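Everything on this sheet refers to the single structure shown next.
The values are calculated or read from the model by the stated rules, or taken from the named source; none is laboratory data. Values in this document were obtained by computation on a predicted structure and should not be read as measured data. Note that we place each Cβ from the backbone using ideal geometry, even for glycine, and neighbour counts take in every protein chain shown. Just the protein is used for accessible areas: all its heavy atoms, side chains included, with ligands, DNA and RNA removed. Shrake-Rupley method; radii C 1.70, N 1.55, O 1.52, S 1.80 Å.
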Amino acid sequence: MNFIPVNEPLLDGNEKKYLIECIDTGWISSEGPFIDRFEKETAASVGRRYGVAVSNGTAALEVAIQALRIQPGDEVVMPTFTIISCAAAVVKVGGVPVFVDCDPYTWNMNPDQIESRITARTKAIMLVHIYGLPTDIDPVLQLAKKHGLYVIEDAAEMHGQTYKEKQCGSFGDISIFSFYPNKHITTGEGGMVLTDDPKLAERCASLRNLCFKPERRFVHDEIGSNFRMTNLQAALGVAQLERLDQTVQRKREIGRLYRKLLTDVEGLQLPVERTEYAENIYWVFGVVLQDSIRCSVEEVMEKLKQSGIGTRPFFWPMHEQPVFRKMGIVSDESLPHAELIARRGFYLPSGLTLTNEQIRHVTKVLISILKEERE
Ligand SMILES: *Cc1c(COP(=O)(O)O)cnc(C)c1O
């Protein structure tokens, strides 16, 4: 069998047709009809009023943080088990990310640990849904209301997922999506900021486009960025959005098949299939090695690679990042669940081009590797 990559995008819908349309009409920059269409259709798909397309998910987080006017010294509570984009967006404006441990089973931020982190300087809570299962959102919204805080929802891994039947990407004051190739909708690189507030939407659009003043171009009251998405990217996005339902259905099939084949394997913790509020869409299929497996995650990943199977390690906790240690942003406090899964977790090939035969092969190889390593 050929090498099975950890992810490969599926681009066999209208992607090519729409890209040719861009080239035939000459609309290849950040102006062009697909941008507006992609923004409107994405916002409508989650029930938001406004979508502002940007160049990637990290940029979307930066725009969101700046749009909410997070100032130097302001604190934003967020999970420690996430990608650095979340914390970096806060640090870049002089704010302070405050980290919360994850639940050992859902791998999402534990809402019970949020309130003790709220201080007089807290301005916002950032929700980040991890690996296909949404965070428990209601308790977070209640806390935010009680303490007068903004809520930012990072739904980068959640296209097509719901929380209590309501679309992810529609919660809090502002939400973001990423369209990186391993996300359920990809534009190569790309992202979006979504909100229901017209003023916030306008501010996001301005921050994405260098804060040009509408009355007099090249005069600026504020510093923005060039985070514009191109019409070419949006053309891909429109085509990808057309089959989001099938994408989510297939991701669930992939997850279920992995679960079925791995369910009785000793020493392997699998993703949670469902909670009270959602069924997993397995953005990636993560596994965590338990104590009975003696060897390291790196060794298992290396052996899989030798057998032609691509994997990725789990996120590394934010409170253990060398860069934040150096900056004095984090203390020595332990957040044990995130520390454990970061050291013992990795994910298997989970892309849309994966066949059931490949999934069976991956599990067979993994099971035989683990058999050698058990006590
Ligand atoms: C992918 C991802 C991002 C960053 O998106 P990019 O488009 O890669 O910049 C942010 N947050 C989460 C949770 C992600 O998974």
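On the basis of being away from the ligand (no atom under 16 Å from the Cβ), in the same structural domain as Y180 (by TED's automatic domain parsing) and in contact with an Asp or Glu (Cβ under 9 Å, 6 or more places away or on another chain), does T106 make the cut? So T106 does not fit the description; no. For the structure I just gave you, tell me whether E279 is farther than 17 Å from H361 by Cβ, surrounded by fewer than 19 Cβ atoms within 10 Å (Cβ to Cβ) and not assigned by TED's automatic domain parsing to the domain that holds T106. Spelling it out, E279 is indeed farther than 17 Å from H361 by Cβ, surrounded by fewer than 19 Cβ atoms within 10 Å (Cβ to Cβ) and not assigned by TED's automatic domain parsing to the domain that holds T106.
Checking each residue in the stretch 1-21 for being surrounded by 11 or more Cβ atoms within 10 Å (Cβ to Cβ) and over 28 Å from the mean Cα position of the chain (by Cα) picks out M1, I20, E21. All of (1) out of contact with any Ser or Thr (no Cβ under 9 Å at 6 or more places or on another chain); (2) surrounded by fewer than 22 Cβ atoms within 10 Å (Cβ to Cβ) hold for M78 with one exception: (2). Taken as a whole, the stretch 89-96 holds at least one residue that is touching a residue at least 40 places away in the same chain (Cβ under 8 Å), within 16 Å of the ligand (Cβ to nearest atom) and open to solvent by 10 Å² or more (accessible area, probe 1.4 Å).
How many residues does the stretch 43-88 hold that are of a type in the set (S, T, Y), away from the ligand (no atom under 12 Å from the Cβ) and closer than 27 Å to P104 by Cβ?
Quick first cut of the stretch 43-88, residues of a type in the set (S, T, Y) only: 45, 50, 55, 58, 80, 82, 85.
Remaining after also requiring away from the ligand (no atom under 12 Å from the Cβ): 45, 50, 80.
Keeping just the survivors that are closer than 27 Å to P104 by Cβ gives 80.
Summing the residues that are of a type in the set (S, T, Y), away from the ligand (no atom under 12 Å from the Cβ) and closer than 27 Å to P104 by Cβ in the stretch 43-88 gives 1.
Within the stretch 119-142, being in a strand (DSSP E or B) and either aliphatic (A, V, I, L, M) or in the same structural domain as Y282 (by TED's automatic domain parsing) (or both) holds for A124, I125, M126, L127, V128, I130, L133. Taking the criterion of being of a type in the set (K, R) and without any contact (Cβ under 8 Å) to a residue 40 or more places away in the chain, the residues of the stretch 189-244 that qualify are K199, K213, R216, R217.
The requirement of being surrounded by fewer than 20 Cβ atoms within 10 Å (Cβ to Cβ), basic (K, R) and at pLDDT 95 or above is satisfied by K164. Of the residues making up the stretch 209-258, those that are charged (D, E, K, R) and either at pLDDT below 95 or open to solvent by less than 70 Å² (accessible area, probe 1.4 Å) (or both) are K213, E215, R216, R217, D221, E222, R243, R250, K251, R252.
Mind checking whether some residue in the stretch 313-331 is small (G, A, S) and within 22 Å of the chain's Cα centre (by Cα)? The answer is no, given that none of the residues of the stretch 313-331 is small (G, A, S) and within 22 Å of the chain's Cα centre (by Cα). Among the residues of the stretch 282-324, just one is at pLDDT below 95 and not in a loop (DSSP other than H, G, I, E, B), namely I293. Restricted to the stretch 161-189, and to residues there that are part of a loop (DSSP other than H, G, I, E, B) and touching a Ser or Thr at 6+ places or on another chain (Cβ under 7 Å), the residue that is nearest to the ligand (Cβ to nearest atom) is Y180. Residues that are without any contact (Cβ under 8 Å) to a residue 60 or more places away in the chain and within 15 Å of the ligand (Cβ to nearest atom) within the stretch 138-154 comprise just one, E153.
Kindly establish whether T119 is over 24 Å from F177 (Cβ atoms) and among the hydroxyl-bearing types (S, T, Y).
Yes, satisfied.
Against the list (1) within 14 Å of the ligand (Cβ to nearest atom); (2) more than 11 Å from A60 (Cβ to Cβ), the condition M229 fails is (2).
Looking across the stretch 293-313, the residues that are open to solvent by less than 30 Å² (accessible area, probe 1.4 Å) and touching a residue at least 60 places away in the same chain (Cβ under 8 Å) come down to I293, C295, V300, L304, G308, I309, G310, T311. Of A239, A234, A205, all but one fail to be touching a helix residue (DSSP H, G or I) at 6+ places or on another chain (Cβ under 8 Å) and either away from the ligand (no atom under 16 Å from the Cβ) or in the same structural domain as F285 (by TED's automatic domain parsing) (or both); the exception is A239.
For the stretch 189-208, give me the residue count where each residue is within 20 Å of the chain's Cα centre (by Cα) and either among the polar types (S, T, N, Q) or open to solvent by 60 Å² or more (accessible area, probe 1.4 Å) (or both). Here the count works out to 2. Tallying residues that are within 21 Å of E299 (Cα to Cα) and either in a loop (DSSP other than H, G, I, E, B) or small (G, A, S) (or both) within the stretch 325-361 yields 5.
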